[in-house]
Amino acid sequence: MSRTIFFEVEILDSKTKEQLCFIDKVEPHSSVGDIKSLFHKSYPKWYPARQALRLDPRKALRNDDLLQNLPVGTSAILYFRDLGPQLGWTMVFLAEYIGPLLIYLLFYFRVPYVYNHKYTLTSSSHQVVNLASACHSFHYIKRLFETIFVHRFSNGTMPLRAIVRNCAYYWGFAAWLAYYINHPLYTPPSYGKTQVKYALIIFVFCEAGNFSIHWSLNSFKCEGTKCRRYPNPSKNPFTWLFFFVSCPNYTYEVGAWVGLSIMTQCVPVALFTFVGFIQMTIWAKGKHKTYTREFNDYPNLRMPILPLIL
């Protein structure tokens, strides 16, 4: 009858190398996440999501890494780093999306001290301004709905300082583009109703496509800690973009903002679209690289975000 060999885990501060905790009789099949929970019992203020454990000051460990699979003996030394206050992904997205929704409406309704006092609480004479407000509000209401009812989030978290940065980005851009679109001196698009009509079609089409992809990804089932298959098109025509790109949700997202840029003919909206496109391209390339690395049969025709281009 074999005897179980237990591990001893010593946790040091990554900066000072001072011993913070010593845990004995740790089972070999324990994960890094289990060790974080044990460490949390000794230091309640450092909850697991706030902890980073490393084999050395540079190499981070995943929560699902097993102690017995690490390149250590029966006495393991791990280095702890405090990641700072954390928030779950649901709260992160709610904070990012509620702000732009409310900030835009403050400019749209021309609350006091935003524009000249004679324009306070007045409405614009241009219908495109009303339509742009409806589209912008719909976009973020849809995002909030998806955050609460559609998206499936992992147990991961985001540092509070990163949330402040993200909120500054979303909220700041919302205020900037709202200021110009709802300004009393705003000039309507050059091609009038025709330009607005086609831009609205682009916006609605892409918003529907974006929601369809999110719904499809929500229905995409994975087993274990890693997916054993990749997303594919379904009977929904909006998902057919999966034939050509790995992240069609980003493709539709960019398309919706392109539609709003054309509709308003506003430079801040176009700049927000361009910056968003760059960031989403980075995310899409990362996801595409993961798919091609994990699946030998991944379709060669697919590009990260733009069909046949990028």
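The values are calculated or read from the model by the stated rules, or taken from the named source; none is laboratory data. This is a predicted model, so every value here is computed, not measured. No Cβ is skipped: glycine too gets one built from the backbone with ideal geometry, and neighbour counts run over all protein chains shown. What goes into the accessible areas is simple: the full protein's heavy atoms, side chains included, and nothing from ligands, DNA or RNA. Shrake-Rupley method; radii C 1.70, N 1.55, O 1.52, S 1.80 Å.
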Reported set for region 176-209 where residues are open to solvent by 30 Å² or more (accessible area, probe 1.4 Å), outside the structural domain of A270 (by the TED database) and under 26 Å from the mean Cα position of the chain (by Cα) is W176, Y179
If we keep only residues of region 107-160 that are touching a residue at least 60 places away in the same chain (Cβ under 8 Å) and among the basic types (K, R), then the residue most open to solvent (accessible area, probe 1.4 Å) is R152
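Per-residue answers, yes or no, for (1) open to solvent by 30 Å² or more (accessible area, probe 1.4 Å); (2) in the same structural domain as M158 (by the TED database); (3) outside any helix (DSSP H, G or I); (4) in contact with a Phe, Trp or Tyr (Cβ under 8 Å, 6 or more places away or on another chain):
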| position | (1), (2), (3), (4) |
| --- | --- |
| I23 | no, no, yes, yes |
| H40 | yes, no, no, yes |
| N63 | yes, no, yes, no |
| G73 | yes, no, yes, no |
| A76 | no, no, yes, yes |
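Okay, residues lined up against (1) outside the structural domain of I148 (by the TED database); (2) in contact with a Ser or Thr (Cβ under 7 Å, 6 or more places away or on another chain):
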position: S37; (1), (2): yes, no
position: R54; (1), (2): yes, yes
position: L66; (1), (2): yes, yes
position: F93; (1), (2): no, yes
Please go through region 276-310 and pick out each residue that is open to solvent by 40 Å² or more (accessible area, probe 1.4 Å), under 30 Å from C167 (Cβ atoms) and in contact with a helix residue (DSSP H, G or I) (Cβ under 8 Å, 6 or more places away or on another chain).
-> F277, W283, L306, L310
In region 239-253, how many residues are assigned to a helix (DSSP H, G or I) and open to solvent by 20 Å² or more (accessible area, probe 1.4 Å)?
-> 6
In region 161-186, how many residues are over 20 Å from F274 (Cβ atoms) and in contact (Cβ under 8 Å) with a residue 24 or more places away in the chain?
-> 7
